[in-house]
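The values are calculated or read from the model by the stated rules, or taken from the named source; none is laboratory data. Quick caveat: nothing in here was measured; it's all calculated off a predicted structure. Glycine also receives a Cβ, built like all others from the backbone with ideal geometry; neighbour counts cover every protein chain displayed. Each accessible area value is taken on the protein alone, full model and side chains, heavy atoms only, with ligands, DNA and RNA left out. Shrake-Rupley method; radii C 1.70, N 1.55, O 1.52, S 1.80 Å.
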Amino acid sequence: MLDIKVETENSETYTRISDRALSDLVHRIGMKGDRFLVVQRIPDLPGSFVQVWYDHGDHYQLERRSGGPATHFLARIDTPERVAGLMARWARQEPEWDAGVEWESAGMPEPEPVPEIPARIRARLEERIRVLLRCGYGTVQELSRAAEDHLVKDGVRPVTYAQAYQLVERLWLERVEEQRQWSDVTDADRLTRAFTRLEQGGITAREHFTCCRSCGLSEIRGAGQKDARGFVFFSSQGTEAAASGHGLALYYGGFDEAADETAAVGREVVEALGDAGLTVEWHGSPDEAIELTVLDWRKRLVG
């Protein structure tokens, strides 16, 4: 699998896909509304990507960027096979991945200078952004919007989106460097594995789902397959608790709302969590949340 995220013009997103799947996407593009792909590595490094544009009858326009506007180049490629091969080699960070390609500058303009954020405001924003980075679910763009909105009062915005983005980008890169030192498997990885197993077994399993328990319970039925037997989720409030070292509460149930079915789903969830290597606290009551009280929360950024 390639450690990449692929976004399409028609708003589809594909994460960690094979060379073949990437090739299929490249071969697919060309129709109105589905003419380009943007490929980023995981974790995302802001300003680093390859992308391709294709309209039937034209050459494929392949672009690469590795930082600011001066690093943005383009090339015209004849075949989708060559485009897919170049993108896959870029994803694997192969030396001389673009050998033989004739690049030219994309002519991207330099952005306007971004004013400094006052120190007092910057300190408050940094605190909030670091919490969201520890949670691990937002993209650079999503975190930038959250930072822009964080200190709004009476309609007054103390920072612009550009200021927020610049701050988020710096802290994001710090976090990416931090996570390079992590062990191969974290508790957040184990939780994702357990949720993947449950999803495959007919239980709708959602991480970081809605803002709170109440909203999650009202929306979870429509979040998965129509034939799902039950559900389990934790909210963004729960994520922040876990990221702050306070453990994590999981909410679960059967869609028929019978107590015995809810308890059965609970047992299935507990088994999957335990098999994934997580420490679970639950006494079997359908009225009791499943708690992960011993949790070293290190969620890998995707972006």
> Listed highest first by mean packing, meaning other Cβ atoms within 10 Å per residue, what order do 182-193, 201-212, 7-18 come in?
Replying inline: 201-212, 182-193, 7-18
> Counting only heavy atoms of protein chains, what accessible area per residue, in Å², does segment 33-104 have with a probe of 1.4 Å?
Replying inline: 48 Å²
>> Could you tell me the calculated FRET efficiency between Ala119 and Glu240, based on Cβ-Cβ distance and R0 = 30 angstrom, to the nearest 0.05?
In response: 0.75
> Where the eigenvalues come from the Cα gyration tensor of segment 145-249, what are the semi-axes √(5λ) of the equivalent ellipsoid, largest first, in whole Å?
Replying inline: 31, 21, 12
> What base-10 log of the normalised intensity I(q)/I(0) is obtained for segment 194-251 from the Debye formula, alpha carbons as equal point scatterers, at q = 0.16, 0.22 Å⁻¹?
Replying inline: -0.46, -0.80
> So, by mean Cβ neighbours within 10 angstrom, what's the order for 88-96, 151-159 with the highest one leading?
Replying inline: 88-96, 151-159
> How many nm is it between the label spots at Ser214 and Asp3, if each spot is 7 Å from the Cα in line with the beta carbon?
Replying inline: 4.2 nm
>> Could you give the length gained by full extension between Val101 and Glu126, i.e. 0.36 nm per residue of separation minus their alpha carbon distance, to one decimal place?
In response: 4.9 nm
> Taking springs between alpha-carbon atoms closer than 10 angstrom, which of Ile129, Ile42, Ile77 fluctuates most in the Gaussian network model of the chain?
Replying inline: Ile77
>> Just the number please: accessible area per residue for segment 181-303, 1.4 Å probe, all protein chains included, in Å².
In response: 49 Å²
>> With the alpha-carbon atoms as the only input, what is the per residue convex hull volume for segment 256-303 in Å³?
In response: 108 Å³
>> Helix-only estimate, please: 222 nm mean residue ellipticity of the chain, summing -39500 (n - 2.57) across DSSP H runs of length 4 or more and dividing by its residues, to the nearest 500.
In response: -12000 deg cm²/dmol
> Counting only protein heavy atoms and using a 1.4 Å probe, what share of the accessible area of the chain belongs to carbon plus sulfur, as a whole percent?
Replying inline: 47 percent
> So, counting K/R as plus one and D/E as minus one, what does the shell of residues with Cβ under 14 Å around Glu12 add up to?
Replying inline: -1
